[in-house]
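Working notes, beginning with the structure itself.
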Amino acid sequence: MAVAVTRACRETGVDARIKWPNDVLVGEGGARGGRKLCGILTEMEGEADRVSWLVVGVGLNANVDPDDLPPDADATSLLAERGAPVDRRLVVQRILEEFHALRGDLRGAVDAWAEYADTVGRRVRVDTPGGVVEGEAVGVEFPGALVVDTGTERVTVTAGDCEHLRPTEE
C-alpha cells in the first residue's frame, strides 16, 4: 500500500517517499526525517502459514489547508506541497489501481518499496518486540523487512517503530 500511495502522490507532482514501515513522507527535517503526508495501518488475523484476513487503513492528507495542520506535528498535505488542491476521487482511484497491480507481484512490490524507501541509507533506531536495533538501514528485503547494519552485525527487522536519527560526525 505504501508503494501505491507513494506512486499516486508522485503523479500529483509531490516527491513522496516511504519511511519504513508505514509512513509516507515529503521533504527533510523533523523527528521523522520529513513531513508526514500519510500513515498506513494494518490489522490481520491468521496462522503461521496463512492469513485469514487483512484490513489496510490509509490516512492521506489530501486537500488539508496548511493552516489547519498542527504546527508541531511535522505534517503536510498534497495541497500544502502542490499549492493547489487535488481531485481526491482521482487520487483514491490511482491508489487502488496501483495496489491492485502490485498485489499480484509481491516481490516486485518489495523492490518498488526499496526504490522509494527514504529509510535506506539513514541511521535508524528501531524499537522492536525483541529490543532496540540501532545502526544504518541498508536495505528492504522480502517480505518487507528492514535490514540494519549495527556495525557488528546485520539485523533483519520485521516489525517495530523506526526513528530516523541525525547522521553522526565522522
In whole Hz, the Karplus estimates of ³J(HN,Hα) for the stretch 3-12 (6.51, -1.76, 1.60; θ = phi - 60°; x where Gly or Pro) are 5, 4, 5, 4, 5, 5, 5, 5, 5, 7
For the stretch 123-164, Rg(Cα) over 2.2 N^0.38 Å is 0.99
Quick calc, the stretch 79-158, dipole around Cα centre from Cβ unit charges on Lys, Arg (+) and Asp, Glu (-), nearest 20 debye, gives 300 debye
So which GluC sites (Glu not before Pro) in the stretch 16-88 pass both tests, a DSSP loop state and at most 13 other Cβ atoms within 10 Å of the Cβ?
Glu28
Amide H to amide H under 5 Å from Trp20: which residues, 5+ apart in sequence or cross-chain, H placed 1.01 Å off N in plane?
Asp118, Thr119
Over the chain, the sum of -39500 (n - 2.57) across DSSP H runs of at least four, divided by residue number and rounded to 500 deg cm²/dmol, gives at 222 nm -7500 deg cm²/dmol
Over the stretch 2-116, what is the relative contact order in whole percent, taking alpha-carbon pairs under 8 Å and six or more residues apart?
26 percent
Using the Cα centre of the chain as the reference point, and only Cβ charges (+1 on K/R, -1 on D/E), how large is the resulting charge dipole? Debye, rounded to the nearest 20.
400 debye
So, counting K/R as plus one and D/E as minus one, what does the shell of residues with Cβ under 14 Å around Asp127 add up to?
-2
Express the Stokes-Einstein translational diffusion coefficient of the stretch 84-170 in µm² s⁻¹, to the nearest whole number, given a Kirkwood radius over alpha-carbon pairs, 20 °C and a viscosity of 1.002 mPa s.
146 µm²/s
Which residues in the stretch 94-134 place their backbone N less than 14 Å from a point set 7 Å from the Cα of Thr152 along the Cα-to-Cβ direction?
132-134
Could you run the Debye sum over the Cα atoms of the stretch 2-116, one equal point scatterer each and no solvent, and tell me log10 of I(q)/I(0) at q = 0.22 Å⁻¹, two decimals?
-1.29
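Read the figures in this text as sums done on the coordinates, not as results from a lab. Values in this document were obtained by computation on a predicted structure and should not be read as measured data. Glycine also receives a Cβ, built like all others from the backbone with ideal geometry; neighbour counts cover every protein chain displayed.
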